[in-house]
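The values are calculated or read from the model by the stated rules, or taken from the named source; none is laboratory data. Keep in mind it's a predicted model, so treat the numbers as computed, not measured. FYI the Cβ positions are ideal-geometry reconstructions off the backbone, even for glycines, and counts take in every protein chain you see.
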Amino acid sequence: MKLGITGLAGSGKTTVFEALTGEFSEAGNKMENRLGTIRVPNKRIDRLSEIYNPKKTIYAQVEYFLPGKSAKAKDSGSEDASWTAVRDADALIHVIRNFKMFGLEEPDPASDFSLLDQELIMMDLAQAEKRIERMDAEAQKAKKPDPEERELLGECTKALESETPLRRHPDLAAAHKLKGYAFYSGKPMLVLFNNEDEDDALPAPDPVFEPEDRMIIRGKLEHELAQMTEDEAAELLEEFEISASATDRVVKASYKLMGLISFFTVGEDEVRAWTIKKGTAAVDAAEVIHSDIKKGFIRAEVISYDDFIDAGSMANAKKKGTLRLEGKTYEVQDGDIINFRFNV
C-alpha cells in the first residue's frame with residue numbers, strides 16, 4: 001500500500017512525513033521526491049513470533065510518498081510534476097494546517113481543504129475531457145472507441161463539473177475501464193489536521209468535511225517523538241496523553257480507509273502478515289502468497305487469532321474444534337491464521 005502525502009504550502013507535510021517514517025533529512029532538499037517504507041505495527045504478529053520462535057518474522061509494510069516541489073507547469077493543459085509523482089499512489093493523505101505560525105494567516109482548515117480538492121477535480125476534469133475529445137475525433141475517422149469507456153468518462157465529467165470528487169462515486173472511480181486514468185479525486189483520502197502541540201481536538205465542524213475520513217496529528221510533537229528513545233517517547237506520550245504514536249494511528253486509519261485486513265501464516269520457518277481487501281475469498285487470499293496455491297487450492301485450515309491464543313496450540317485447537325476446514329468461497333476475516341492445502 002502506497003499513500004501520497006499532499007497539502008498546501010506551510011501545512012507541515014515534510015514534518016508529518018518524517019514523523020510517520022522516522023526518515024529525517026538535515027539537508028532539507030524539498031525538490032526531491034521522498035519515499036519511506038515502514039513496518040506495520042502488529043501485536044498479534046509479535047505474540048505469534050514469541051510462540052513459534054521462527055527463523056523469520058515478516059510484517060506487512062506501508063509506503064508513504066512525499067513528492068518534491070516543482071515549478072508549476074506553464075501550460076494550463078499540463079500537469080504539475082509534483083502531482084504526476086503521486087498518480088500511482090493507492091490513496092492520499094491530505095495534511096491541513098491547523099496551527100498558528102508567524103507570517104501566516106490564521107488557520108482555515110475548511111478553506112484549505114476546498115482549495116486543494118478543487119485542484120484535484122480540475123486536473124481530473126482536464127484529463128477526462130481531453131480523452132473524450134480524442135475519442136470523439138477518432139469516431140469521426142471511422143475508428144471505434146470503446147463505448148463503455150466513453151460512457152464512463154462522460155459520467156466522470158458530469159460529476160467533476162458539479163465540483164464533486166470522484167471518490168464520492170467509488171464504483172465509478174474503481175471501474176475497470178478507467179483503471180489506467182488513476183484519477184486523483186477518485187483516490188481514497190485521509191484528512192490529517194496538523195495541530196498545535198497542546199491541541200488534540202478536531203477543528204470546528206464544517207459540511208465540507210462530513211464525508212471524509214479525518215483525524216488529527218500534532219505534527220511537531222510527533223516529529224520530536226520519532227527521534228526519541230523508547231523510554232523517552234513513553235514519558236512524553238504519557239505527558240501529552242497520547243495513547244499511540246502517529247505511525248500506529250495513521251497506519252490503522254489507512255487500513256480502514258482502504259478496506260484492508262490482515263491474515264497470518266505461521267510456522268517454525270516463518271511467521272508472516274499478509275494484507276488483503278476485506279471480503280476476499282480464501283482462494284484469492286491464497287494467490288497473494290503464490291499463484292500456484294490458488295491454482296491447486298484444496299482447502300484452507302483456518303483459526304482466528306483469538307481462538308488460537310485461547311487454545312494455546314494447534315493440537316488443542318483441533319480438540320476444541322476451533323481449527324476448521326474452509327473452501328474456496330470462505331471470506332477471510334481479519335486475524336485469521338491460515339494454512340492452505342493445495343496440490344499442483
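For GLU151, the stated conditions hold: it is outside any loop (DSSP other than H, G, I, E, B) and of a type outside the set (A, V, I, L, M, F, W, C).
Please verify whether LEU192 is modelled with pLDDT of 95 or more, in a strand (DSSP E or B) and touching a helix residue (DSSP H, G or I) at 6+ places or on another chain (Cβ under 8 Å), treating the condition exactly as stated. Yes: the conditions hold for LEU192. Could you grab me the full set of residues in the range 321-336 that are without any contact (Cβ under 8 Å) to a residue 40 or more places away in the chain and surrounded by 13 or more Cβ atoms within 10 Å (Cβ to Cβ)? Once the filter is applied, which keeps residues that are without any contact (Cβ under 8 Å) to a residue 40 or more places away in the chain and surrounded by 13 or more Cβ atoms within 10 Å (Cβ to Cβ), the range 321-336 yields THR322, LEU323, ARG324. When the range 89-119 is filtered for residues that are in a loop (DSSP other than H, G, I, E, B) and more than 21 Å from VAL250 (Cα to Cα), the ones remaining, listed by number, are LYS100, MET101, PHE102, GLY103, LEU104, GLU105, GLU106, PRO107, ASP108. Identify, please: which residue in the range 202-243 is farther than 21 Å from PHE99 by Cα and among the hydrophobic types (A, V, I, L, M, F, W, C) and is, among those, surrounded by the most Cβ atoms within 10 Å (Cβ to Cβ)? Looking at the filtered set, the residue picked out is ALA233.
Filtered by the rule that a residue be touching an Asp or Glu at 6+ places or on another chain (Cβ under 8 Å), small (Gly, Ala, Ser) and either surrounded by 14 or more Cβ atoms within 10 Å (Cβ to Cβ) or under 17 Å from TYR59 (Cβ atoms) (or both), the range 244-279 gives SER245, ALA246, ALA253, SER262. Filtering ALA281, ALA244, ALA285 for residues that are of a type outside the set (Ser, Thr, Tyr) and modelled with pLDDT under 95 leaves a single hit, ALA244. Residue selection: ILE132 satisfies the criterion of being assigned to a helix (DSSP H, G or I), surrounded by fewer than 19 Cβ atoms within 10 Å (Cβ to Cβ) and β-branched (Val, Ile, Thr).
Residue check: PHE297 meets all listed conditions (1) of a type in the set (A, V, I, L, M, F, W, C); (2) within 20 Å of LYS56 (Cα to Cα); (3) touching a residue at least 40 places away in the same chain (Cβ under 8 Å) but one, namely (2). Is it the case, given these coordinates, that THR6 is touching a His at 6+ places or on another chain (Cβ under 8 Å) and either among the acidic types (Asp, Glu) or modelled with pLDDT of 90 or more (or both)? So THR6 passes the test.
Quick check: is even one residue across the range 20-31 more than 24 Å from GLY180 (Cβ to Cβ), at pLDDT below 95 and within 16 Å of the chain's Cα centre (by Cα)? Within the range 20-31, one or more residues are more than 24 Å from GLY180 (Cβ to Cβ), at pLDDT below 95 and within 16 Å of the chain's Cα centre (by Cα).
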